[in-house]
Every structure is written in C-alpha cells, then in structure tokens.
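Chemist: Provided herewith is a single structure, encoded as structure tokens, for subsequent inquiry.
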Amino acid sequence: MDDHLITATRRADHLATVGGTVIGISQQAGLAGLSVLWTALTAVGIARPTELVWTIIAATGAVVTVTVWIRARRAGALLPFFLTAPERPLAALTPAQRRELRRQLRRPGTVTEPYAALVRSVIDWQRRSTRAAVPMLVGMFLNSVGLSGSVAMTNGPAGWSLMVGLLAVAVFITVASRVESRRQLRVREQAQHDTC
C-alpha cells in the first residue's frame, strides 16, 4: 500500500474515532448562540397572545441546541468549523489519488483493494459527523419555525412563504440525507468485504 494512502487512512481513522480538533468556536457553539439570538428576536416581536406560540417553539429549539452543545462538550464530540492541515485525510493524497477516492466514495461497486480501508474510514468519519450534527439541525429547524411564524404573524402572507420554504427545505434535507446514508452503507459494506 502507498505511503500516501496509509497516512490518509490513519488520519481518517483518527477523525472517525476522536473527531477533529476544535480551535476557537465549534459548530455546535456557533449554532447554539445563533439559536438563542433568534429566540430573543422572536420574543421581542410579541404583540399579541397568539404570537406566544411561535416564541415557545423558538425557545424549544434554543433549548435543544444549547443542550446538544453542552452534551457534545461533555462527550468530546464537538465539530470544528475547519480541520487543521495535519488532520485532513485528503491533504495526504496526490491529486490523482483524491480523484480516485472521490469516485470510489460516490459509486457503490467501485471500491478497490488499496482504497478499501481509506473508504471505510472516511465513511465512518462522515457518519460520526452526521450523527453529531443532526440533533443540532433539529433544534435549528424548531428555532427557524418559531422565528418564521413570528415574522408571518407580523408581516401577513409574505411571512407565511418563509414557513413554506423552511418546510420544503426540511423535507429535502431529510430525503437527501436518507438517500446518502443508504449509499454510504452500500459503499462501506463493499469496502468491508474487500478487506476481509
């Protein structure tokens, strides 16, 4: 096996088991802060008792995001905004190896023996990152629904289009993530069989 592939596999294994090094603010901390800000903006807009429902929904989203951030800090599962250069698996590969790895990650049935361990490690890292991000996205969705509902109550029909747009985006993200998850599992199974 090539030295570049060995280094990239080692880096991807590290990211899959430990995660990336957070320098500065983590993704969870940034989104928790944004969620609290959106909740404050929603609460400021309360003029009628009917708008209180939207503030409660936004506050629920803020509680979810802050709770996810605190749990991720305690568990050591914070997601960095950027990976440092020594942690990036693809930085260890040549341009031709990067293209080949991307091709094998995209298509089930194309994993070859020298890349099988790296493909498996990269998919494990992606799945770890996704598991850490999904609860935060749920909280942000609740927060966005609360904020858009508050805007809709004050701006009328134009504000409701924001709500419909958010629901469409949520459905799209859910369907796309399910399709991607199934594809990753098929590629990972093949990479597992290629190394056994």
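Chemist: Which whole-number value in Å² is the accessible area per residue of region 1-80, probe 1.4 Å?
Modeler: Value for region 1-80: 56 Å² per residue.
Chemist: Further question: What do you get for the angle between helix 27-44 and the principal long axis of the chain? Use alpha-carbon atoms, 0 to 90 degrees, nearest ten.
Modeler: 10 degrees
Chemist: Only one of the listed values, (1) 20.7, 67; (2) 15.8, 44; (3) 17.3, 54, was derived from the coordinates as Rg and Dmax of the Cα atoms in Å; which label is it?
Modeler: Identified label for the calculated read-out: (1).
Chemist: Report in % the part of the accessible area of the chain that belongs to carbon and sulfur, leaving out ligands and nucleic acids; probe 1.4 Å.
Modeler: That fraction is 67 percent.
Chemist: Another question, if that's okay. Compute the long axis of helix 52-75 from its Cα atoms, compare it with the longest principal axis of the Cα atoms of the chain, and write down the angle in degrees, 0 to 90, nearest 10.
Modeler: That works out to roughly 30 degrees.
Chemist: Can you give the helix-only mean residue ellipticity at 222 nm for the chain, where every DSSP H stretch with n ≥ 4 adds -39500 (n - 2.57) and the sum goes over all residues, rounded to the nearest 500 deg cm²/dmol?
Modeler: Result for the chain, helices only: -27500 deg cm²/dmol.
Chemist: Once the Cα atoms of helix 157-195 and of the chain are each reduced to a long axis, what angle between those two axes, in degrees from 0 to 90 to the nearest 10, is obtained?
Modeler: Roughly 20 degrees between the two axes.
Chemist: Between region 11-71 and region 73-90, how many Å separate their Cα centres?
Modeler: 19 Å
The values are calculated or read from the model by the stated rules, or taken from the named source; none is laboratory data. Here the structure is a predicted model, which is why all the values come from computation and not from measurement. Remember, those area values only see protein heavy atoms, side chains included, never the ligands or the DNA or RNA. Shrake-Rupley method; radii C 1.70, N 1.55, O 1.52, S 1.80 Å.
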